1. Here are A:F200, A:F159: which of them is buried (at least 23 other Cβ atoms within 10 Å of the Cβ), in contact (Cβ under 8 Å) with a residue 60 or more places away in the chain and either more than 14 Å from every other protein chain (Cβ to nearest Cβ) or within 30 Å of A:A125 (Cβ to Cβ) (or both)?
2. Looking at segment A:70-86 only, could you name the residues that are farther than 24 Å from B:M844 by Cα and either facing another protein chain (nearest Cβ under 10 Å) or surrounded by fewer than 22 Cβ atoms within 10 Å (Cβ to Cβ) (or both)?
3. Just checking, which of B:K392, B:K457 is touching a strand residue (DSSP E or B) at 6+ places or on another chain (Cβ under 9 Å), assigned to a helix (DSSP H, G or I) and among the basic types (K, R)?
4. Could you please give the count of residues in segment B:648-680 that are of a type in the set (S, T, N, Q) and without any contact (Cβ under 8 Å) to a residue 60 or more places away in the chain?
5. Regarding B:I864, is this residue hydrophobic (A, V, I, L, M, F, W, C), in contact (Cβ under 8 Å) with a residue 24 or more places away in the chain and in contact with a helix residue (DSSP H, G or I) (Cβ under 6 Å, 6 or more places away or on another chain)?
6. Which one is farthest from B:L770 (Cα to Cα), of the residues in segment B:815-850 that are basic (K, R) and more than 13 Å from every other protein chain (Cβ to nearest Cβ)?
7. Would you check which residues across segment B:458-484 are closer than 15 Å to B:W796 by Cβ and among the aliphatic types (A, V, I, L, M) and list them?
Amino acid sequence: MFDEKTLQIRAISAHSGSVPGKGVQREVEVCKLMDTTTCIGCKACEVACVEWNDMPFRQTVFDNTYQTMPETEWNFWQLIKFHEVQRQDDGGLAPFQKNQHDGNLMWIFRKDQCMHCSDPGCLRACPADGAIVQYENGIVDFQQENCIGCQLCVSGCPFNIPKFNQTTKKVYKCTLCSDRVGQGLEPACIKSCPTGCLQFGTKQEMKEIAEKRALQLREQSGFKNAGVWDPSSIDGTHVIYVLHDATQPELYGGLPKEPRIPMVYTVWKYLLKPLSLFGVFMGALGIFFHYVSYGPKPTLPEPPRAKETKEDERGNR
Amino acid sequence: MTNGWIDIKNTDMMLVMGGNPAENHPCGFKWPVEAKRHRNAKLIVVDPRFTRTASNADLFLQIRAGSDIAFLGGVVNYTLQNNRIAKDYLVHFTNAAFIVKEGFKLPEDGLFSGFDSKTQTYDKATWNYEQGGNLTPKGAAIAAALGGAAAAGQASANGTGAQQKASETVASAFEHQKTAAKSGQPVAPSSNPPQQPGGHEALGGGHQAAGPVGAKATGAPKVPPLLPPNTAYDLSLQHPRCVYQLLKKQYSRYTPEMVERITGIPKDQFLKAADLYTSIRKDGDMKKAGTIIYAVGWTQHTFGTQIIKTAAVLQLLLGNVGRAGGGVNALRGHSNIQGATDMGGVFDVHPGYLKIPAPTDTNLSIYLKRTTPTPSKPNEWDSFNYWSNTPKFMVSLLKAYYGDAAQKESDFAYHYLPKIDRRYSWVELFDRMYNGEVKGLFAFGMNAVMIGPNSRKNIDALKKADWLVVGEIYPDETSEFWKSPGISPEEMKNIKTTVYRLACGGFAEKDGSMTNSARWLQWKNIALPPPGDARLDQDIVAQIFLRIRDLYRKEGGKFPDPILNLTWAYPDAQHPSLAEIAKEINGKALADATDPKTGQTIKAGQQLPGFAWLKEDGTTSCGNWLYSGSWTEAGAQMQRRGTEDPSGLGVYPNWAWSWPANRRVMYNRASCDLNGKPWDSDRAQVWWNESGKKWVGNDVPDFKPDSPPSDHMGPFIMNPEGVGRIFGPLAAFADGPFPEHYEPFESPIKNPLHPQQSTNPVAKWFKGPLDKYGTPEQGFDVVCTTYRLTEHYHYWTKNNPMEVQLVPEPFVEVPAELADQMGIHGGEKVKVTSARSHYIAKAMVTRRIKPMMIDGKKTYQIGIPIHWGYRGIAEDEGKTALTPANLLSPTTMDPNAYTPEFKGFLVKLEKA
């Protein structure tokens, strides 16, 4: 079992100055490996995540699929995406054409979740000091008490992962069980996985296991494009995948081949961030003067969001 | 399972069929994945749907539900045609060389010899072995058969003298005609076979007997034939009536073209699968092992037992039974269904698979004579015939039931046991209730309305009952049968059944053991006490029993003795602990006893170390011989948690306790060649230790420990033949000694093998007003199958918001092509109608079920998960049509195991 018991911070969102204590301790990078070729879509990871994090249940609707819901939600951080593709004679995968029913069917499962990027777009985008931290071990964690609910992290994420909770006005996502990892335990989803398609350890170990498995798939199972997804475009991630066809990660529920943080948060970061802060400040000033001039707005009911009201009911059953 | 879950990691080849382990046994599916990861094992999945198991397969074939025998028979044919057999194993460890009686006829026209069309049963007199010893042609042929064995022995002997000698010993054993068997029981003289009364024949089935369906044991009992003691055999396998030649002939009809016509699997794909699976025996190699894994996708047919039999035949041909990574492995669908069966949870057996007495078994000795088999084998061979110990098991069971009332003088209170003259299988029980014969029902740990076929009939049957007791953790469909959809408030008032709904403890709220698919008894502790007024099942049963006993004590009654004298020695009679019961099941000595061989002594009152200590003189008591050894003086073996695995084969001998005798792979003597040397030295399970003169190994040898290979004792010690049965003689099966493909009771086609006899001639069906059956001509032209999902557990988890979140409501899986044709889109409601009723749910339009060409006819299959009814979260929120899926399924069943045909019945599909 993985037994690194420290959580040393590497980066802090919108923090001026250096990270306190940075570099005083050597810490290995952790990594979650998901071998999509041995996943059976059992959803034990989904359940373990909801239970460990004590999240209220969502109401879901039938959507012509075994997939639990269309995308991850603020209270549902691990989601297995179910996709049908065809296996071609040359060992690669291909999408089905619309209304195409024949073909050598494959049913592939990929657990979608926060990738814990080495270069996290969310963290780059976040304007709130300390709302997002990146630990030396690679975990990117949201600190909701510092979150201002601006949702810039949502637009900064290349994977559509951070989700906003209308009630608490904060953003949530997978923590890679930083609470468990900080105590030398593996994340809850890893512990629950029955086939061992989910593994956890140092990045180096996981890369080795993943490459070995990809080689086995190429040599023994005829998946000539089998490989490991660990995109260099964001300096790698701390969730990596073994794919039957690593040349087409998009087939696995839209996994980008070369994920990019939106330009606005990279190239223009240092220009735009002060500008937006200035904007926020001016806005607040405007609101202040508006309040002074016109008085408080009459209270209106919150915009209804049927789903989430129901959720709370469900959670209290 | 002959093997166990963990053992699957040792395999080289897996055939998963009639099961969906990735979805329904996800934790166990770890082991197929391990085998793929670490041994490059191949996984072949054959299923009507592309399942989550198929997603991990190296090869997936879509099969028409209910055509499994045709597929497997085709693989048997392929194996024989391409010489992929395990020759030595086949000749010496199976009955391939045995000669079958003259007059036995293969079912080319759909019927075996002996069919009586009036009673719809078989006279099985010709389903037997010929008597008469060695018919192997003189000279070369014996040498050929034995030469192969000897050569194999030598090849693996590395030229050592000891091994050479062992081979010679084996060879010489056949040359010397041994006059008596060494099997603990003398062989009856062949001229005077013991007579057996016929009572059980009338009962119609079970594992050993079969007879008129539903017939009563009236009139003179017919004396059934017996297996001959000195069977005729031909080691050259050339005799036209030897099992091998009959097998060849039987499956020569199962050509790849015929397989395609029946199953819908294109010939090239079938050949690919047959070649891949049998490739483990390419060029006579015996090192590799293949496993067959199945579940209720095989059992739930009117020929379910025979599908499993076909798998057994294939595994025997390939020499896969008894070996690490081999076997025929049933995956049980509930955590303790294995335990339920072991403990007599079936109407026709007592615990330990001791047969239920028939009315003609008027005393213990008649019963024991009928149920205790005598060896039937070539005289030169030996047979352990372990069931010869039946008297010890039965007397010890009677001692456990009735204690001091069971004395030698009182025939061990045998007369207390009920003798049943009719069957009480699930479907028949409800049929009897529907017909007003059965007046009350205790339903504990099961949802009677939901689990049986033709739910409407079950609901109507309950309306006619006087009373119903339901012990459950949720309000369920059974306890609320009287308000099932379709019952008007007027009618409701007229339902007179008194329903007692008792809140029970859930599985985490009681301790006790569960027996898993791998036959392990594993103890669990209480996680938390039952909430509120809920009570433990055993307390409820105990308290009902004690009150009934009081009534008998006070009021007498027709026959109070069995109730008054039942052993009830629990310190707190109202609350017997499951640990006490587990100890009682293990059994104890009632008098001091000494093992003459080892000198080991046990004192009266002590727990028995194992079933070898059981006696037929009344000095031992044991609630289930198979479980003897699970709770000994050394402690609760079933509570052990040792994680050592010295052999690396996943034996884990100190984890829990596995029946029988803590052995993990059954028939493991067959993992060795004739000389007692493992076929594969890397996976050495047991072996013969020449210097110690005994069988030893990493697992507990499933064999007579001191029987040297030269004695040629068969590895299949539970069969009177000592060998594996490719041919199932006499009453082993109600529907034939070889499996034959029959169409499901409701089928889209006539059986291409014999259209005039399309379905199983002895399958059981009913003629009541609600027992309707559909045909394609009536418009029922879509094949429907039912199944479970990973996300739900039967009819419980629809009450759990976590699981409801994962799959919120019922659906019907519809092939995309059919949906296109009918203009159905995913999420739109469809109506599925069978001859019995209809079912409405949303359509899940999918590519995972493709249209098939069945006998030249384009055929569609649909699938329905079974989890929803009229009580639960989705039901209470009005998201479902409140109809159980089993409203659709027919009341037909397998003639051996009485399992209903939940898979592959006919429906029509419409937009709702």
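1. Numbers: A:F159 fails: buried (at least 23 other Cβ atoms within 10 Å of the Cβ).
After applying the criteria, what remains is A:F200.
2. First, pick out the residues of segment A:70-86 that are farther than 24 Å from B:M844 by Cα: A:74-75, A:77.
A:W74, A:N75 - these are the residues of segment A:70-86 that are farther than 24 Å from B:M844 by Cα and either facing another protein chain (nearest Cβ under 10 Å) or surrounded by fewer than 22 Cβ atoms within 10 Å (Cβ to Cβ) (or both).
3. Values: B:K457 fails: touching a strand residue (DSSP E or B) at 6+ places or on another chain (Cβ under 9 Å).
One residue alone meets the criteria, B:K392.
4. 2
5. On the way: hydrophobic (A, V, I, L, M, F, W, C): yes; in contact (Cβ under 8 Å) with a residue 24 or more places away in the chain: yes; in contact with a helix residue (DSSP H, G or I) (Cβ under 6 Å, 6 or more places away or on another chain): yes.
Taking the combined requirement at face value, the residue satisfies it.
6. Filtering segment B:815-850 down to residues basic (K, R) leaves B:829, B:831, B:836, B:842, B:847-848, B:850.
Then drop every residue that is not more than 13 Å from every other protein chain (Cβ to nearest Cβ), which leaves B:831, B:836.
Numbers: B:K831: 20, B:R836: 7 Å.
Residue satisfying both the conditions and the ranking: B:K831.
7. Once the filter is applied, which keeps residues that are closer than 15 Å to B:W796 by Cβ and among the aliphatic types (A, V, I, L, M), segment B:458-484 yields B:V470, B:I473.
The rows are residues; the columns are (1) assigned to a helix (DSSP H, G or I); (2) facing chain A (nearest Cβ under 9 Å).
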{"residue": "B:P26", "(1), (2)": "no, yes"}
{"residue": "B:W31", "(1), (2)": "yes, no"}
{"residue": "B:H38", "(1), (2)": "yes, no"}
{"residue": "B:L43", "(1), (2)": "no, no"}
{"residue": "B:V46", "(1), (2)": "no, no"}
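The values are calculated or read from the model by the stated rules, or taken from the named source; none is laboratory data. Computed from a predicted model, the values in this text were never measured in an experiment. Glycine gets a Cβ as well: all are built from the backbone with ideal geometry, and neighbour counts include every protein chain shown.
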